[in-house]
Amino acid sequence: MKIVFMGTPDFSLPSLKTLLESKHKIVAVVTQPDKERGRGQKVSFTSVKQFATDKNIPVFQPEKLKGNQEFVEQMKSLEPDLFVVVAFRILPKEVFDIPKFGSFNLHGSYLPKYRGAAPIQWALINGETETGLTTFKLAEKVDTGKIYLLQKLEIFPADNFETLHDRMSELGAKLVLNTVDLIESGNYELKTQDDSLASPAPKITKEICEINWNKSATEIHNLVRGLSPYPSAFFKYNEKVIKVYKTEIVEQATLKPFQIEQTKTELIIGCGANAVRILRLQLEGRKRMSTEEFLRGFTFSV
């Protein structure tokens, strides 16, 4: 199969590597345009581009996809059998219909649950004990296409966004390859999603990241897990932003919401129900550290 791979973040890399090592041929990679980052505005590019360049795979970085006839013609000239999309942008119909066998996407949830930009984060924030991976044929409405393959995945109590993301990216790579092989065989039946079972997984905003101490300790603990290490849950204290990366639930009813109890080594904050023990945090302008390290140079007014 002649494949054009489309992806941007680290989540995409295992899938690209797995396809490259398979019998199939990667004829091009499409990724986000280079960006200027940091104080020096140095130009940086995606890890997907770096990998593709190292492997001498042609790279395309269109600024826009819709109405971009030049890009459409470039893709048609490759005569692809399939577009494989892993954590990329929304493709317009004029693009995803180009290949002989169409285009499919790897999504980080057990569709139709958690449709949207942040399925891994929301599964954790909502305290799920399992999630999944889905490959589906692209359709005009986002994350609604017919399903090729589904795989369930356990969420462990110790998981945060980083650990679950990394595990899913590796498992997802195997599912991507299985899907390509399945399409090539022609021996499959697409499954229509049940829209009545759909749930949203919208983009994570700064408002979502701010801790509301009136919520239960379980809700706050899960918020921290779902946003750690990036973009991270946070609270404000004396106009300073403090990011929280790791917590554990403390069953007690003595502390009121945002009431703080601290020793030289321990920090416990009251919630709407029970409390959380902060295990890892970061004051703005400082490095991330354990609570014991943090409290050596910072005191909360109790």
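The values are calculated or read from the model by the stated rules, or taken from the named source; none is laboratory data. Every value quoted in this text rests on a predicted model; they were computed, and no experiment measured them. Don't worry about glycine lacking a Cβ; one is built from the backbone with ideal geometry, like all the others, and counts go over all protein chains shown. All accessible areas refer to the heavy atoms of the entire protein, side chains included, with ligands and DNA or RNA removed. Shrake-Rupley method; radii C 1.70, N 1.55, O 1.52, S 1.80 Å.
General observations
- Among residues of the range 252-302, those that are among the acidic types (Asp, Glu) and in contact with a strand residue (DSSP E or B) (Cβ under 8 Å, 6 or more places away or on another chain), counted: 3
- Qualifying residue in the range 113-125 (condition: open to solvent by 20 Å² or more (accessible area, probe 1.4 Å), of a type in the set (Lys, Arg) and within 23 Å of Asp195 (Cβ to Cβ)): yes
- The set of residues in the range 83-118 being closer than 29 Å to Glu73 by Cα and aliphatic (A, V, I, L, M) consists of Val84, Val85, Val86, Ala87, Ile90, Leu91, Val95, Ile98, Leu106, Ala117.
- Condition met for Pro9 (within 17 Å of His107 (Cα to Cα) and at pLDDT 95 or above): no
- The number of residues in the range 108-149 that are closer than 27 Å to Tyr230 by Cβ and aliphatic (A, V, I, L, M) comes to 9.
- Entry remark, the range 1-16: residues being closer than 21 Å to Ser77 by Cβ and open to solvent by 50 Å² or more (accessible area, probe 1.4 Å) number 1 in total.
- Any hit, the range 275-297, residues being of a type in the set (A, V, I, L, M), open to solvent by less than 40 Å² (accessible area, probe 1.4 Å) and free of Cβ contacts under 8 Å to residues at least 24 places away in the same chain: yes
- Hey, Thr144 open to solvent by 30 Å² or more (accessible area, probe 1.4 Å) and without any contact (Cβ under 8 Å) to a residue 40 or more places away in the chain or not: no
- Of the residues in the range 100-122, not one is out of contact with any Asp or Glu (no Cβ under 9 Å at 6 or more places or on another chain), in a loop (DSSP other than H, G, I, E, B) and aromatic (Phe, Trp, Tyr).
- Selection status of Arg288, over 20 Å from the mean Cα position of the chain (by Cα) and modelled with pLDDT of 95 or more: yes
- Only one of Lys240, Lys246 that is open to solvent by 20 Å² or more (accessible area, probe 1.4 Å), over 22 Å from Glu162 (Cβ atoms) and touching a residue at least 40 places away in the same chain (Cβ under 8 Å): Lys240
- Spans of strands (runs of 3 or more DSSP E) in the range 254-302 with at least 3 residues closer than 21 Å to Leu227 by Cβ: 267-270, 275-283
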